[in-house]
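The values are calculated or read from the model by the stated rules, or taken from the named source; none is laboratory data. Remember, it's a predicted structure, so these values are computed and weren't measured experimentally. Quick reminder, even Gly has a Cβ in these numbers, built from the backbone with ideal geometry, and neighbours come from all protein chains shown.
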Amino acid sequence: MATKKKAAGLTVKLVKSPIGSKQDQIATVEALGLHKVGDTKTQPDNAATRGKVQKVSHLVKIIEG
């Protein structure tokens, strides 16, 4: 029986609204695919994604699992 491997990635959750943040931070949140507070998306685990998460670390949370 074939087993499916789970794709390695980062699951990012928007925990704070980007309203009132700088325009580039709002664009970064949208680039991560997050729109509403509570949204979660799985992104590839690479340097570009980690840089985006670091830029808006006060707005998002990385979910382990």
Seminar exercise, completed: Being loosely packed, with under 10 Cβ neighbours inside 10 Å and at pLDDT below 95 narrows 65, 20 down to just 65
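Per-residue answers, yes or no, for (1) in contact with a strand residue (DSSP E or B) (Cβ under 7 Å, 6 or more places away or on another chain); (2) at negative phi; (3) not in a loop (DSSP other than H, G, I, E, B):
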{"position": "13", "(1), (2), (3)": "yes, yes, yes"}
{"position": "16", "(1), (2), (3)": "no, yes, no"}
{"position": "21", "(1), (2), (3)": "no, yes, no"}
{"position": "24", "(1), (2), (3)": "no, yes, yes"}
{"position": "29", "(1), (2), (3)": "yes, yes, yes"}
{"position": "35", "(1), (2), (3)": "no, yes, no"}
{"position": "43", "(1), (2), (3)": "yes, yes, yes"}
{"position": "51", "(1), (2), (3)": "no, yes, yes"}
For this session: Search the stretch 53-62 for residues being surrounded by fewer than 14 Cβ atoms within 10 Å (Cβ to Cβ) and in a loop (DSSP other than H, G, I, E, B), and hand back the single one that is farthest from the chain's Cα centre (by Cα).
Result: 58
Exercise. For the subset of the stretch 23-48 comprising residues that are among the hydrophobic types (A, V, I, L, M, F, W, C) and within 17 Å of residue 63 (Cα to Cα), which member is surrounded by the fewest Cβ atoms within 10 Å (Cβ to Cβ)?
Worked result: 37
